[in-house]
Amino acid sequence: MSSRPFPALLLVAGALVSGGTALKGIQPNDEGLMLQAAARIAGGQVPYRDFWWFYPPGQPYLLAGLHEIFGPTLLAWRVVRVLADSTVAALAFALARRGARDRAALAAWVAAILTMAYPSGPHPFPVALALALGALLAFETRPALAGALVGACAAWRIEFAAFAAAGILLARPAGAARFAAAAAAAAAVLYAPVVVAAGAGPAWDLLVDYPLTDFRDYQALAFPLSYDGPLNTSSPRGFLDDSAEPLLLFYLPLVMVVGLVGALAALLDRLGPQVVATGVFSLGTLAYLLVRADLFHTAPLAVMVAVLAAWVLGEAPRIQAVPGTVPAARRPPRRGWRLAPVALAALALAYAIAEGLDRRWLALRQDTVALQLPAADGVRVPARRARELERVVARIRRAVPAGRPVYVATRRGDLVTSGHPLLYLLAGRPNPTRYDIPAPGVVTSAPIQREIVADLERSRTALVVRWTDPVTAAREPNAAGRPSGVRILDDELARRYRRAGHVGSFLLLERRP
């Protein structure tokens, strides 16, 4: 597997695995907010100044460039995601081969591509993860390149860059100056134009202060320990049909955490620079998961656990050991309790592969139809959702001329856990406010609701579309799931707008004369 064409084959194979479901499904909230940010930037707006945004600028600016080239589309980010997924998996294979034989490294690749492939989304973490993996591969021989990759990573996920930098500096202090200089230069080049345009104060408030002070309280979820979903024990067939998949999915985060602990424990006698740097970064992906323990936040940890598990299971004397440790070739076989962490790492790797295969099978079998809207570009959704979106977009376009705004509200103003900013892109109508992200604690606060009301009045917005799906006001076990008591926006909509009809879960409100 060391021949040059093999990495290219892995990239192609990864793209095929990820691309198999790239056109399936939409995400009203996450996809909508990222594409809205890209559209705003392409139109000349600056994040942190002209619209509310608390993510780093890398992903929205990348997608804004694609928006400029291809126009409004659901397809462009999916191509980026497929390329990012296949790159992450190929780099995970390359990193696994630093300390494992080819079969174990290939198992890590399988786990990585299955983990990354579904669910998909325009999230910034795949690009950040690829840059961090590249830095982990380069830092021992090319610290300046590793630094540049970490600096670029910071423009996609600040915490990924921070943990990668900490691991690399701890593992190889000798190259610290070159690494740090390159990282600072790359981050400055990518951040400076945005920060200068937005202002240091607003950029700091949204990039640093908000994520550290408010985000965790509003987004954190309880770590999945006690399963309360469907559990059919009437027959083996019933269990496989109704319970196996949700059980595998529910316990994926827990198994990955257990696998990380086992892998790190098993590698304690191999604490060379590569293990130290990769181990510290893997702890960073654990921190990312603990912020919000859901499927989207599990993927980076699962990729890193796959790499570490490959090192444990397919041990090969390629990772440089620190002086005083015993080389792998002369290390005595593990016995007794020392086999336990190896077993945990093996379990995690096998679990990631099994759960990923199950998820791919279900996704490929999903019954969907092409969404018949100009921006959809072949994206497929369930038939009922397609009809609903096509009808509501048609109603919006008939009621609101091109260039005029429409506001997409949620079920209630005092309790918001999700929204439908994707509707702006699908309908081709702008948002009159600065708030595409239905961030709880922000849009549920009195000052922001007064600002939104003022924007609706200033712009004379003729139509408000209220998405009434229960997901928009779910009672999550965090601050987001508690009503704020602020109903300023609700009261204004009741006073200034009247019902003009509904399409499925969408309620249309027209401005009173």
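Being in a helix (DSSP H, G or I), modelled with pLDDT of 95 or more and under 21 Å from residue 290 (Cα atoms) is the requirement here; does residue 169 meet it? Let's see the steps before the verdict.
On the way: in a helix (DSSP H, G or I): yes; modelled with pLDDT of 95 or more: yes; under 21 Å from residue 290 (Cα atoms): no.
No.
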**Prompt:** Would you say residue 134 is open to solvent by less than 10 Å² (accessible area, probe 1.4 Å) and farther than 30 Å from residue 381 by Cα?
**Reply:** no
**Item:** Selection count where residues are open to solvent by less than 70 Å² (accessible area, probe 1.4 Å) and either touching a residue at least 40 places away in the same chain (Cβ under 8 Å) or more than 18 Å from residue 159 (Cβ to Cβ) (or both), scope region 173-189
**Value:** 7
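Test residue 117 against the stated conditions and say whether it is touching a residue at least 40 places away in the same chain (Cβ under 8 Å), in contact with a Gly (Cβ under 8 Å, 6 or more places away or on another chain) and more than 21 Å from residue 408 (Cα to Cα).
yes
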**Request:** Return only the number of the condition from (1) open to solvent by less than 20 Å² (accessible area, probe 1.4 Å); (2) within 20 Å of the chain's Cα centre (by Cα); (3) small (Gly, Ala, Ser) that residue 20 does not satisfy.
**Result:** (1)
**Request:** Look through 224, 202 and report the one residue that is surrounded by fewer than 20 Cβ atoms within 10 Å (Cβ to Cβ), in contact (Cβ under 8 Å) with a residue 12 or more places away in the chain and either in a loop (DSSP other than H, G, I, E, B) or touching a strand residue (DSSP E or B) at 6+ places or on another chain (Cβ under 7 Å) (or both).
**Result:** 224
**Request:** List every residue pair whose Cβ atoms lie under 6 Å apart, where the two residues are 6 or more positions apart in sequence or sit on different chains, the first residue falls within region 434-445 and is more than 11 Å from residue 413 (Cα to Cα), and the second residue, located anywhere, is of a type in the set (Val, Ile, Thr) and at pLDDT 85 or above.
**Result:** 435/443
**Request:** From 294, 269, grab the single residue that is charged (D, E, K, R) and either buried (at least 18 other Cβ atoms within 10 Å of the Cβ) or out of contact with any Lys or Arg (no Cβ under 8 Å at 6 or more places or on another chain) (or both).
**Result:** 294
**Request:** Return yes or no: is residue 466 charged (D, E, K, R) and surrounded by fewer than 16 Cβ atoms within 10 Å (Cβ to Cβ)?
**Result:** no
**Item:** Selected residue [in a loop (DSSP other than H, G, I, E, B), open to solvent by less than 10 Å² (accessible area, probe 1.4 Å) and not polar (S, T, N, Q)] from 386, 376
**Value:** 376
**Item:** Which listed residue, of 136, 129, is outside any loop (DSSP other than H, G, I, E, B), closer than 20 Å to residue 7 by Cα and touching a Leu at 6+ places or on another chain (Cβ under 8 Å)
**Value:** 136
**Message:** Could you check region 93-113 and list, in sequence order, the residues that are under 28 Å from residue 74 (Cα atoms) and open to solvent by less than 10 Å² (accessible area, probe 1.4 Å)?
**Reply:** 111, 112, 113
**Prompt:** Counting just the residues of region 442-471 that are among the acidic types (Asp, Glu) and assigned to a helix (DSSP H, G or I), which one comes out nearest to residue 218 (Cα to Cα)?
**Reply:** 451
**Asked** Do we find that residue 196 is closer than 20 Å to residue 64 by Cα and either more than 24 Å from the chain's Cα centre (by Cα) or at pLDDT 95 or above (or both) in this structure?
**Response** yes
**Complete:** Going through region 84-101 in order, the residues found to be within 17 Å of residue 31 (Cβ to Cβ) and either in contact with a Gly (Cβ under 9 Å, 6 or more places away or on another chain) or in a loop (DSSP other than H, G, I, E, B) (or both) are 85
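The values are calculated or read from the model by the stated rules, or taken from the named source; none is laboratory data. In this text, all values refer to a predicted model and were calculated from it rather than measured experimentally. Because the Cβ atoms are built from the backbone with ideal geometry, glycine has one as well, and the counts that use them run over all protein chains shown. Accessible surface areas use protein heavy atoms only, side chains included; no ligands, DNA or RNA. Shrake-Rupley method; radii C 1.70, N 1.55, O 1.52, S 1.80 Å.
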